[in-house]
Amino acid sequence: MDRVRELASKKAAVIFTKSSCCMCYSIKTLFYELGASPAIHELDKDSYGREMERALRVLGCDPSVPAVFIGGRFVGSSKDVISLHVDGSLKQMLIDAKAIWF
Amino acid sequence: MADASPRTDISTDAETDEMNQRFDSGKSIVVAPSDSSDRSKSNLDQKILRRLAQNREAARKSRLRKKAYVQQLESSRLKLTQLEQELQRARQQGIFISSTGDQSHSIGGNGAMTFDVEYSRWLEEKNRQINELRTAVNSHAGDAELRIIVDGVMAHYDEIFRLKSNIAKADVFHLLSGMWKTPAERCFLWLGGFRSSELLKLLVNRLEPLTEQQLVGIGNLQQSSQQAEDALSQGMEALQQSLAETLSTGSLGSSGSSGNVANYMGQMAMAMGKLGTLEGFICQADNLRQQTLQRMHRILTTRQSARALLAIHDHFSRLRALSSLWLARPRE
């Protein structure tokens, strides 16, 4: 959990993924489309990957990836991201966290 | 009549036909040799005449059989036309019926069929609600009354998304195939359903007058749903590519070696895992549809929502009617 929190606070937008996960690819694409450059951490390539995955589940992330953090705060998985994007909240959160400017 | 002697097969078919035509009055001919000096000749005549009579009989029977067959075809064709008309009438009422030419083999078995039945019931209820809404709008009902009906329609949409998420677990490919929708609707199929961004494009012109704030809101909503659709589409492409790669890697060495078998099984296991992620994509696509509808409802006034829902329903109704016409079209 510490490692998750630590990595999540290092950049305005952080996404935990797995290299084989195609839904993660979708969410990454969405962020790029919005002009954000999120930090991507692939759990399957990280030596602490398994513990981090467990920590994400404890946070309520289901499925565990993609797990999105904005401004250091846990936002959710793909379902949450899409819902927030549709009502315009996602963009506002990114602006507030200075991940994007407009 | 005595059997014709096989020795005296003197006539070809053409000759027989010609001879039969000359005798073709349906009357039988009595053969009687006139005198003993003509006996051998009249024996031959007798055999010829006997042969002709048998050919006539065979031709008559053949004609009767052909007539019976054609009559059967005619009555079947009539029945078929009647059935097609009944089917068309039922379809135009918005009831979904899949035609035999359209039916896919449901590997998911009961799941797919159950869903199709549930969907057709959902459509019936939807039709009823929309009629109620249309009546209320046309009779200039008050906002309070409109709101009740509109809320009902929105709740009903939630219901179809719930049904779809159930079937996605059991048989995602049935949803993806679009076989539960009519043919013309399938033209526009995207990840097992409609494209929210397209729906919004339809509505923009029909919803006037919109306030400045509403215009911005709807515009943003259109852009957001488009972006989300693109993101999900790209994820699907990545999945296809990944699946293709998984199935194509592997040695082409001699089959049967334990290493190759283990490879193959490993590949299949990985491919199975990837296929399993399709459910997630369909779910997110439906999530997007549901969120977009709800967001639209929040931006618009009750009356505008009512008109929007009517417009959406009309759009799909026309596609369904088009499908019925298509399925009933005369074919060579």
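The values are calculated or read from the model by the stated rules, or taken from the named source; none is laboratory data. Remember, it's a predicted structure, so these values are computed and weren't measured experimentally. In this analysis, Cβ positions are derived from the backbone assuming ideal geometry, glycine residues included, and neighbour counts consider all displayed protein chains.
Considering only the range B:276-285, I want to know if a residue exists there that is more than 10 Å from every other protein chain (Cβ to nearest Cβ) and not charged (D, E, K, R).
Yes.
Within the range B:164-215, how many residues are under 21 Å from B:Ala231 (Cβ atoms) and not in a helix (DSSP H, G or I)?
Matching residues across the range B:164-215 total 8.
Pick out the one residue from A:Leu34, A:Leu90, A:Leu94, A:Leu56 that is farther than 17 Å from B:Gln227 by Cα, among the aliphatic types (A, V, I, L, M) and at pLDDT 95 or above.
A:Leu56
Could you run through the range B:225-245 and say how many residues are at the interface with chain A (Cβ under 8 Å from one of its Cβ atoms) and either assigned to a loop (DSSP other than H, G, I, E, B) or touching a residue at least 12 places away in the same chain (Cβ under 8 Å) (or both)?
Residues flagged as at the interface with chain A (Cβ under 8 Å from one of its Cβ atoms) and either assigned to a loop (DSSP other than H, G, I, E, B) or touching a residue at least 12 places away in the same chain (Cβ under 8 Å) (or both) within the range B:225-245 amount to 7.
Which residues, taken from the range A:1-37, are surrounded by 23 or more Cβ atoms within 10 Å (Cβ to Cβ) and part of a loop (DSSP other than H, G, I, E, B)?
Selection gives A:Cys21 alone.
Take the range A:64-102 and flag every residue that is within 13 Å of chain B (Cβ to nearest Cβ), under 12 Å from the mean Cα position of the chain (by Cα) and in a loop (DSSP other than H, G, I, E, B).
A:Ser64, A:Val65, A:Pro66, A:Ser77 - these are the residues of the range A:64-102 that are within 13 Å of chain B (Cβ to nearest Cβ), under 12 Å from the mean Cα position of the chain (by Cα) and in a loop (DSSP other than H, G, I, E, B).
Can you find, within the range B:286-317, the residue that is nearest to the other protein chains (Cβ to nearest Cβ) among those that are closer than 12 Å to B:Leu146 by Cβ and polar (S, T, N, Q)?
Within the range B:286-317, the match that is nearest to the other protein chains (Cβ to nearest Cβ) is B:Ser305.
Check the range B:55-73 and report whether any residue there is modelled with pLDDT under 80, assigned to a helix (DSSP H, G or I) and of a type outside the set (Lys, Arg).
No, that holds for no residue.
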